[in-house]
Amino acid sequence: QVQLVESGGGLAQPGGSLVLSCTASGGFFGDMGWYRQFPGKQRESVATISPSGTTKYAESVQGRFTISRTTTGNQAWLYLQMDNLKPADTAVYLCNARDVIREYWGQGTQVTVSS
């Protein structure tokens, strides 16, 4: 059974940093990524990473966020280093992983950027 568990959200001041972590187990994962959801709005892609390490970022986070991953067998660890945080980054962040059958989501972790 595939499970994705996020951690690392919380409160940060503008200009501060946070690191999000996601542990994915029970599958052999292809592309993985971080998404975020603002209240009342659709989920949006923040950053994605392929098994070979190719990354893509939303324009709004380019140069401030860094996605990385480690994979061992049927487990993977996904990270999002978030620097120079802005109040506009406040959202629920969700981990996403895909295998050959479907995609999976974590439960989400709240990130709040406020002074």
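The values are calculated or read from the model by the stated rules, or taken from the named source; none is laboratory data. This structure is a prediction, so every number in the text was calculated from the model and none was measured. A quick note on method: Cβ atoms are made from the backbone with ideal geometry, for glycine too, and the neighbour counts reach across all protein chains shown. Side chains included, ligands, DNA and RNA excluded: accessible areas come from the protein's heavy atoms. Shrake-Rupley method; radii C 1.70, N 1.55, O 1.52, S 1.80 Å.
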Original post:
Can you give the accessible area of residue 44 in Å² (nearest 10), computed on protein heavy atoms with a 1.4 Å probe?
Top reply: 70
Original post:
For the residue pair residue 11 and residue 102, what label-to-label distance in nm results when each label sits 7 Å from Cα along the Cα-to-beta-carbon direction?
Top reply: 3.8
Original post:
Are there trypsin sites (Lys or Arg not before Pro) in the range 1-102 that DSSP marks as loop and that have at most 10 other Cβ atoms within 10 Å, and which are they?
Top reply: 41, 102
Original post:
Local charge sum around residue 104 (other residues, Cβ-Cβ under 15 Å, Lys/Arg +1, Asp/Glu -1)?
Top reply: 0
**OP:** Express in Å², to the nearest 10, the accessible area of residue 77 obtained by rolling a 1.4 Å probe over the protein heavy atoms while all chains stay in place.
**Re:** 70
Subject >> Separation of alpha-carbon centers, the range 9-40 and the range 59-82, rounded to whole Å >> reply: 8
Original post:
Given Cα pairs under 8 Å that are at least 6 residues apart, what percent is the relative contact order of the chain?
Top reply: 37
Subject >> Under 14 Å, Cβ to Cβ, from residue 24 - net charge with Lys/Arg +1 and Asp/Glu -1 >> reply: -1
